[in-house]
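Before any comments, here is the structure.
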Amino acid sequence: METPNSYKNGPDERGHFGIFGGRYVAETLMPLVLEVEKAYKAAQADPSFQRDYDYYAKNYVGRPSPLYFAERLTRELDGAKVYFKRDELNHTGSHKANNVLGQILLARRMGKKRIIAETGAGQHGVATATFCALFNLPCVVYMGATDIARQAPNVFRMKLLGAEVISVKSGTGTLKDAMNDALRDWVANVEETFYIIGTAAGPHPYPMMVRDFQSIIGREAREQILEAEGRLPDQLVACIGGGSNAIGLFYPFLDDREVAITGVEAAGHGVDSGEHAASLTGGKPGVLHGNRTFLLQNEDGQITDAHSISAGLDYPGIGPEHSWLHSVGRVNYASATDNEALDAFQMLSKIEGIIPALEPAHALAHVCKIAPKMNKDKIILMNLCGRGDKDIFTVAEALGVKI
Amino acid sequence: MSLSRLEKRFADLRAEGRGGLVTFLTAGDPDLATSLEIVKGLPAAGADVIELGMPFSDPMADGPSIQASSLRALKQGMSLRKTLDLVRSFREGNQDTPIILMGYYNPIYIYGVETFLADAKAAGVDGFIIVDLPPEHDDEFCLPALAQELHFIRLTTPTTVGERLPKVLNNTSGFLYYVSILGITGTAAAAQDVVRDAVATIKAQTDLPVAVGFGIRTAEQAARTVQVADAAVVGSAIIDKLKEYLDENNRPKPGLTQAVLDYVRTLSEGVRSARG
């Protein structure tokens, strides 16, 4: 395959990254999807939009998030220096705020009166409910019944923030089913409703738009590492469900050829077990939720259930730009199992005093595998995209502890 | 040029001066044998066009009835290949009633577009409604289908206005399916005057027949629909009737086929008497 001059040119005007992406939606939604694209382009060209974004990012979300040198962890792993981009310190506890802020400002520009969202772990739901409270917009969050059971603290948070949380019982009651029901709501209420998609997936322009809003992570990290080390890192690492935190970190570095990039999917009980959420490692290209991308599916094209201990990674697809970066070989995609993530979760809590979310614990598990094999003058930069308070019940249960 | 089976059916309806009844069922619900038995009985019960759902695990544009129907079929081992088998079996005894396959793109994409079109044509399929393939993606499946002389029927909705309508009409063939409400399948029906205006707007821009669906549950509603459109589409209500005859394990109870066909017959009588 030919190497492109830049990895940052996508998507094309039809929303494609190579063969991936697109706008595979019902006709009812098509005019709206086109309207969102038009409004987003206009917003990008309007300095006041960026000014508003910057204002709330700084004063409400708390950006820039720090870049932290994990000294004890580095000593423990006895290899490459490990830096964390601390996006878990954002208001609402994850990188999700970066995206919701951008989309809700867009929804306001478009005069939309009602916000809907889907959520897996509840992080995107909490971020959406938070900004809806701030901007006084009614908020409906679709969440799988299975996820509601394992993410009780976030469900309560959303309700405190004034959101209506709708339990989705269809399918396996996880993120993909929540997204199906959010799309059904959108089809029925298309005139007044803005759908804030939480990951870099869905129909064009969502994958592009979410990437752009999340790229604040990578832009800051790039400046911060240059300031701290005087050079770019050797290796970026981020976890991937739909892949929004990962594309946010990776995108500003894509054309820095000397920077190796790895996305870490959730291997659940192991990719060979069939119970995992590793779409790139264990899936093949297909069309779902408005875009062509790698999907977990059977030989008849039926979508199969994903499994991960982390609700935020429990999705049978992945953002289309990741599928493209995988196919052109710019980004390497690895995976970590439930158990590896659990070990990493506990280790980081003890030696750095940071309780990570189970999602970035997958990225950390990969860091623990590669750092010891790298020279001490090498630098790894990992996105610590969420904090783990929401996961303590899940982790306690997995460890057989009653709290 | 000779008329296709679908074009001939609408030409005949026009000649008879009556509206048509388009019935929707999911292929393989509640199981392949029962499903085939029902489909075989549909023409005699008064269905003018048969729409068969290709089951999909994630039917985003469908309401609870069709979602459940799709999952029941998949649970019984239904697949796209078996859906084509069902059509083939039906065609052994019927050469006149058009069959339209309706569903989502992914199973077809995985089957392989060219192979699927060839197999579907050989089985006796007349056209397709693929919910998640808007005109922006015509090169994927719509144009290859038209090249095989198979129909590609598109949905238009209350949001299909202005410049969007000609875009949707372009490459649409056989008939146009007007979705009379914003929403998923199986919800409320639209008021007749609203539908009349919408159909008039569409008819000003195309000679294609216009079928209207979403929310039609009774013979009276079907009748009112064909007073202002060329055909009425009934889906969720037929599936709800079928579900009444399933036991707690979703196995068919005695009388299921008869009950579904009787219900279709009442709809058909409504449609046939509508313009009398």
Let me confirm something: among A:Gly301, A:Gly329, which residue is touching a residue at least 24 places away in the same chain (Cβ under 8 Å) and assigned to a loop (DSSP other than H, G, I, E, B)? A:Gly329
Within the stretch B:96-146, the count of residues that are in a loop (DSSP other than H, G, I, E, B), without any contact (Cβ under 8 Å) to a residue 60 or more places away in the chain and away from chain A (no Cβ under 11 Å) comes to 3
Is it the case that some residue within the stretch A:273-288 is in contact (Cβ under 8 Å) with a residue 12 or more places away in the chain, within 14 Å of chain B (Cβ to nearest Cβ), aliphatic (A, V, I, L, M) and in contact with an Asp or Glu (Cβ under 8 Å, 6 or more places away or on another chain)? yes
Anything in the stretch A:17-32 that is in contact with a His (Cβ under 7 Å, 6 or more places away or on another chain) and within 25 Å of A:Leu105 (Cβ to Cβ)? List them, or say none. A:Gly21, A:Arg23
For the stretch A:12-32, give me each residue that is outside any strand (DSSP E or B) and either closer than 19 Å to A:Gly243 by Cβ or facing chain B (nearest Cβ under 10 Å) (or both). A:Arg14, A:Gly15, A:Gly18, A:Ile19, A:Val25, A:Ala26, A:Glu27, A:Thr28, A:Leu29, A:Met30, A:Pro31, A:Leu32
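Of all residues in the stretch A:296-339, count the ones that are closer than 21 Å to A:Pro360 by Cβ, among the small types (Gly, Ala, Ser) and more than 12 Å from chain B (Cβ to nearest Cβ).
Looking only at that region, the number is 9.
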Residue list for the stretch B:191-217, filter: at pLDDT 95 or above and in a loop (DSSP other than H, G, I, E, B): B:Ala204, B:Gln205, B:Thr206, B:Asp207, B:Leu208, B:Pro209
By residue number, the members of the stretch B:202-225 that are within 16 Å of B:Phe10 (Cα to Cα) and small (Gly, Ala, Ser) are B:Ala211
I'm checking my understanding of the structure. Among residues of the stretch A:365-384 that are in contact (Cβ under 8 Å) with a residue 40 or more places away in the chain and assigned to a helix (DSSP H, G or I), which one is surrounded by the fewest Cβ atoms within 10 Å (Cβ to Cβ)? A:Lys373
Would you mention how many residues in the stretch B:139-190 are surrounded by 20 or more Cβ atoms within 10 Å (Cβ to Cβ), on the phi > 0 side of the Ramachandran plot and either among the polar types (S, T, N, Q) or modelled with pLDDT of 85 or more (or both)? 1
I need a count of the residues in the stretch A:191-231 that are buried (at least 20 other Cβ atoms within 10 Å of the Cβ), part of a loop (DSSP other than H, G, I, E, B) and not small (Gly, Ala, Ser). 5
Across (1) within 14 Å of chain B (Cβ to nearest Cβ); (2) touching a residue at least 40 places away in the same chain (Cβ under 8 Å); (3) outside any helix (DSSP H, G or I), A:Val36 clears everything bar (3)
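The values are calculated or read from the model by the stated rules, or taken from the named source; none is laboratory data. Predicted model only: the values in this text are computed from it and were never measured. Positions of Cβ are backbone-derived with ideal geometry, glycine not excepted, and every protein chain shown enters the neighbour counts.
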